[in-house]
Amino acid sequence: MQIKNLEERSKQYINPYFGGVLLGLVLLLTIFITGRGLGASGAVKSTVVATVEKIAPTYAEKQDYYGKFISDDKHPMNTWLVFETIGIFIGAFLSGIFAGRVKKFHVEHSPKITPKTRLIFATLGGVLFGIGSQFGRGCTSGAALSGTATMATAGFVAMIAIFGTGYLVAWFFRKLWI
Amino acid sequence: MGPLITQGYIDPEWSNLIALILGIGFGFVLEASGFSSSRKLAGVFYGYDFTVIRVFMTAIMVTLIGLVYFNYMVWIDLTKIFILPTFLTSVIVGGVIMGFGFVMGGYCPGTSFTGVAIGKLDALFFTAGLYIGIFVFSSAFPLIKDIYYGGELGPVTLTDTFGISKGLFTFLFVLMSIAAFIVTSIIKKKVKKAEL
Amino acid sequence: MNKKYILVIALAMILATGALFLPDKQFTKELSPDKLFFKINNPSRFISTDIIAKKIIDGDPALQLIDVRSSDQYKAYSLPGALNLPLKELMDSSGNISDEWIDYLEVDGMSTIFFSNGDICADQVWILCTRLGLKNMYVMKGGLNMWVETILKPQRPAESASSDEFALFDFRKGASQYFRGGSLVIESEVAAEPVLQVRKKKKTVVEGGC
């Protein structure tokens, strides 16, 4: 077998169906052990709650939304999802190292747009995802993936809403990608 | 017997370590499947790359089938697992906003973390955006409370909503996924492959 | 199409078709006969009337008294704050405790105490519950007969009795006054039937997604 150069090797991803089976097994194992699915946006929420609590403790405790996640006996960062998210970083980094994909700060963008445009839209997308994930009580992983896998109606609806909207509005943002 | 932690087979004190290990698995699989690349993710909406659909639906398929069989083997009590509560208005509003976010940002929270892990600056900006977005939502919460609690149905499953059994849903989902896999691979052949 | 994919699709279809026909298992924490036997032989389920009287007087919030006698008997007299769940209502057609009651009987952090006139009827309910694996179930020793004998009409111990017995008698005398204190009060309490509190147990103990 020929040794491919780094550039080519970094584009070698595992077979998507195989990846799907692995992801399914991870999710199944998670549900089997903990009784709940995987998640991601929850960790960012915990960080927000922790920051606000640090800066304005009385406000945070009284406010309806922050107050839900603040308890006396537990630091807001001491949640399952925060640790799981630290794991995501480690796991992704390991995979990136194996495949030679780890690079120091670079921006991936369509040749038609500048890196600056890409960064602006990435941030905007992040803001929208942040707001949407709170309404949806979970993001693509927490609501759509884990929700549908556990047959929660909310998860199924979230999956349809996310991807349905994506397809409906994709045309307007096509310049960003193709 | 399962879920192991809920049923007391594993001490909850271990849950953070378990979370870390499961997270490593999750992150590894996401990155290895190519979810750290926003252009690969966004491809699903433009027909040049269907990795997202393939991975996503296969994963759900495996979990659904797995849970049905685990339940049959009396390994897991499905009434003891967490079911995301349904707030219909809220989840549809959230889903639509997330759909926009997905197309504009090219990531979703979990995948953006994997992007950050391999040094993508756009993923880092997306994550910062997430932080801002959640902060905006939380601060504006008193104003949007009604939407957030709108259309409450409780922690219902599709069995409760549509009256179809777990087995039937699993079967239909597998059929739907296989159909989607075949259709998307045909579409992909027709769409000119974008240079990634 | 690739041969491998056809194989995988076939496998997925077989598994999915299998899923169609698999029955949905109901989970019961039912005890095995030997464990149940061990529990039946263990007298720690019996709680004396004195302890119960003290708990009622103290207003112990973790106490759930359940009268398993018929509702007529319950209306005539029962312990203050007790709920009436007659044995016949608790059982479904197959002679088990029916599912709808389980959530009322086993509440986290609460001790459920059954009582009847004697302790046989209450003990039957206790065995049915314990067999289903419900925890924190107790039986009032001697039932209401013992209650009347010890709490409502305590007998003065002989002069030669130990000081412990006198202390117990003093307590019972006080309790007797507490529980009989104007029989009118008791009657009015009985008339205003205690409402069956709905403290439904949370189905899921795990916390939400992301």
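The values are calculated or read from the model by the stated rules, or taken from the named source; none is laboratory data. It should be emphasised that the depicted structure is a prediction, and the values quoted were computed from it without experimental measurement. Note that each Cβ is placed from the backbone with ideal geometry, even for glycine, and that neighbours are counted across all protein chains shown. In case anyone asks, the SASA skips ligands and DNA or RNA and just uses the protein heavy atoms, side chains included. Shrake-Rupley method; radii C 1.70, N 1.55, O 1.52, S 1.80 Å.
Would you mind listing the helices (runs of 4 or more DSSP H) fully within the range B:112-196 where at least 3 residues are within 27 Å of residue B:61 (Cβ to Cβ) and either more than 7 Å from chain A (Cβ to nearest Cβ) or modelled with pLDDT under 90 (or both)?
Numbers: elements: B:121-139, B:141-148, B:158-162, B:166-190.
Once the helices (runs of 4 or more DSSP H) in the range B:112-196 are filtered for at least 3 residues that are within 27 Å of residue B:61 (Cβ to Cβ) and either more than 7 Å from chain A (Cβ to nearest Cβ) or modelled with pLDDT under 90 (or both), what remains is B:158-162, B:166-190.
Could you tell me whether any residue of the range B:157-174 is closer than 30 Å to residue A:61 by Cβ, of a type in the set (D, E, K, R) and in contact (Cβ under 8 Å) with a residue 60 or more places away in the chain? Outline the logic, then answer.
To start, the set of residues in the range B:157-174 that are closer than 30 Å to residue A:61 by Cβ comprises none.
No, that holds for no residue.
Here is a yes/no grid of residues against (1) out of contact with any Pro (no Cβ under 9 Å at 6 or more places or on another chain); (2) modelled with pLDDT of 90 or more; (3) open to solvent by 30 Å² or more (accessible area, probe 1.4 Å):
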site: B:12; (1), (2), (3): yes, no, yes
site: B:15; (1), (2), (3): yes, no, no
site: B:18; (1), (2), (3): yes, yes, no
site: B:25; (1), (2), (3): yes, yes, no
site: B:42; (1), (2), (3): yes, yes, no
site: B:47; (1), (2), (3): yes, no, no
site: B:67; (1), (2), (3): yes, yes, no
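Check residue C:16 against each of (1) in a helix (DSSP H, G or I); (2) open to solvent by 50 Å² or more (accessible area, probe 1.4 Å); (3) free of Cβ contacts under 8 Å to residues at least 12 places away in the same chain; (4) not polar (S, T, N, Q) and name the one condition it does not meet.
For residue C:16, the exception is condition (2).
Are there helices (runs of 4 or more DSSP H) fully within the range A:59-178 with at least 3 residues that are free of Cβ contacts under 8 Å to residues at least 24 places away in the same chain? List them.
On the way: elements: A:64-68, A:80-99, A:115-135, A:146-149, A:153-170, A:174-177.
Those helices (runs of 4 or more DSSP H) span A:64-68, A:80-99, A:115-135, A:153-170.
To keep it simple, each residue is scored yes or no on (1) under 24 Å from residue A:89 (Cβ atoms); (2) open to solvent by 20 Å² or more (accessible area, probe 1.4 Å); (3) facing another protein chain (nearest Cβ under 7 Å); (4) modelled with pLDDT of 85 or more.
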| site | (1), (2), (3), (4) |
| --- | --- |
| B:6 | no, yes, yes, no |
| B:9 | no, yes, no, no |
| B:21 | yes, yes, yes, yes |
| B:29 | yes, no, yes, yes |
| B:52 | yes, no, no, yes |
| B:55 | yes, no, yes, yes |
| B:70 | no, yes, yes, yes |
| B:86 | no, no, yes, yes |
